[in-house]
1. Is it fair to say Pro253 is modelled with pLDDT of 90 or more and either small (Gly, Ala, Ser) or not in a helix (DSSP H, G or I) (or both)?
2. Give the residue that is nearest to Leu241 (Cα to Cα), with candidates limited to residues of the stretch 132-157 that are in contact with a strand residue (DSSP E or B) (Cβ under 8 Å, 6 or more places away or on another chain) and of a type in the set (D, E, K, R).
3. Which is part of a loop (DSSP other than H, G, I, E, B) and under 60 Å from the mean Cα position of the chain (by Cα), of Ala223, Ala245?
4. Say whether the condition of being modelled with pLDDT of 85 or more, within 26 Å of the chain's Cα centre (by Cα) and more than 25 Å from Asn332 (Cβ to Cβ) is met by at least one residue in the stretch 265-278.
5. Pull up the stretch 117-126, narrow it to residues that are on the phi < 0 side of the Ramachandran plot and touching a residue at least 24 places away in the same chain (Cβ under 8 Å), then point me to the one that is surrounded by the fewest Cβ atoms within 10 Å (Cβ to Cβ).
6. What's the number of the only condition in (1) surrounded by fewer than 12 Cβ atoms within 10 Å (Cβ to Cβ); (2) free of Cβ contacts under 8 Å to residues at least 24 places away in the same chain that Ser179 fails to meet?
7. Please go through the stretch 113-160 and pick out each residue that is aliphatic (A, V, I, L, M) and within 33 Å of the chain's Cα centre (by Cα).
8. How many residues does the stretch 395-434 hold that are assigned to a strand (DSSP E or B), over 14 Å from Val84 (Cβ atoms) and touching a strand residue (DSSP E or B) at 6+ places or on another chain (Cβ under 7 Å)?
Amino acid sequence: MPPIESAAPAPPAAPGSPLAKPGALRGELASLKIDRSRSRSAPASTKLLWFAVLIALLAALGGAGYWAVRDRLFPLPTVKVESVRIMTLGQAKTELTATGYLESRWQAAVGAKVPGRIANIPVEEGDVVKEGDVLAELEHSDLDAMLASRKVAVTLAEAQLAEAQSNLDQAKRDFERESDVFQRLAGARSTMERAQATYFAAQSIVSARAAAVAAAKSAVTEAEESVRNMFIYAPFAGTVLTKDAERGESIMPGGMGASSGRGSVITLAQLDKLEVDTDVKEDYLGSLRTGQPAQVMVDAVPDRRYQGRLREIIPMGDRTRGIVKVKVEILNPDERLFPELSATVNFLPDQTEAEAEASLKKGVFAPVAAIQGEGSSQFVWIYEDNKVRQASVKVEGEANDGLVPVSGVLAGGEQLVINPPPDLKAGDEVQIAE
């Protein structure tokens, strides 16, 4: 019997194999555990970041709380302010202001005396014309023919008058001759009386012919006037403002529209005789007087001030509006002014010509209550960006209506503190009183 060989050692069972021992499997699993015994400490930079965020948040909350209660705990000084103005001395001395519109003292809508159709308009808007210049011409060929016929009638009447005068001269000679013969008892009375009757009749005929000539000439004058009425002449020297009709249109004296024909052809005005038509409330009428000086400001010419004079107070009130109309003439108009422009009138106290000229110059005016100090140490407090700063000024004249002319660094438009508190310092924060 052959010898029995010893068996080789068996290989270790694979994990999970039914042949593996339970103890060995637990050991292997335990070796795969994560070691949680070591601490997970954050980096130092992260801690510092969170600390900075916390500090910033606390600072923001503290600042917001401070600003929320600051105005209550530490209120800012309250001040009143007024603006620096650029104006003329006349505006500063104004006693009364009124608004109105420019108009020409001499302005007319010029039309024809008779109806007709326009043949020609030789002028344009803006043209300057003299008195008697032709503004328009109506068609008048029929009147020209009538005028020519009447002139012929005058020639015929004059010829008939000449014939009658010749017959009169002959009848006079015959009468004188027969009278001489009768006085020498050489002729018959009847012959002398017939010569006398013929002479008297010739005189009557001459008178009639002379009247006919006068009538014919009057007819010519009438026709010439009719032709003249076909021309529209300038009633005064002025400027053509508007053309109210065009060639070919029919016009009718007193016409109000297309259905009845145009009423006028040209609107003419004297632009060197302009005045302001304005209304003044009855309450202020007592402060006005004829001849009172005024200053006129026209919206269309903002860089110019015009001298004016109260020309007339219309003696008629308007009880529904409580106003009285007044007329203020402009003493120094220029080519930039024309009717219907809006204007403002400042009525001034009586002044000399030099004072009136000076009142037209612009200057810087500050509130009197803003001027601090005396003499060369005068200054004002300027309010800007919720703070105040000091600026030196010099008073240049007398105060009028709370304003005084000044010179210095002020240019107009600045906000000045009026009646400032005595402890105000440059750089102080303030608030404007409501």
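The values are calculated or read from the model by the stated rules, or taken from the named source; none is laboratory data. Keep in mind that what you see is a predicted model, and the values were worked out from it rather than measured. Methodologically, a virtual Cβ is constructed for each residue, glycine included, from the backbone with ideal geometry; neighbour enumeration extends over all protein chains shown.
1. no
2. Of all residues in the stretch 132-157, those in contact with a strand residue (DSSP E or B) (Cβ under 8 Å, 6 or more places away or on another chain) come to 132-140.
This time we only want the ones that are of a type in the set (D, E, K, R), so: 133, 137, 139.
On the way: Asp133: 15, Glu137: 18, Glu139: 24 Å.
Only one residue fits best here, namely Asp133.
3. When all the criteria are applied, what remains is Ala245.
4. First pass over the stretch 265-278, keeping only residues modelled with pLDDT of 85 or more: 265-278.
Right, trim to within 26 Å of the chain's Cα centre (by Cα) and you get 265-278.
If we keep only those that are more than 25 Å from Asn332 (Cβ to Cβ) too, we end up with 265-266.
Yes, the stretch 265-278 has at least one match.
5. Step one: list which residues in the stretch 117-126 are on the phi < 0 side of the Ramachandran plot, which gives 117-125.
Cutting the leftovers down to touching a residue at least 24 places away in the same chain (Cβ under 8 Å) gives us 117-121, 123-125.
Values: Arg117: 13, Ile118: 21, Ala119: 15, Asn120: 11, Ile121: 20, Val123: 18, Glu124: 8, Glu125: 11.
Selected residue: Glu124.
6. Result: Ser179 passes all but (1).
7. Listed by number, the residues that qualify are Ile121, Val123, Val128, Val129, Val134, Leu135, Ala136.
8. 3
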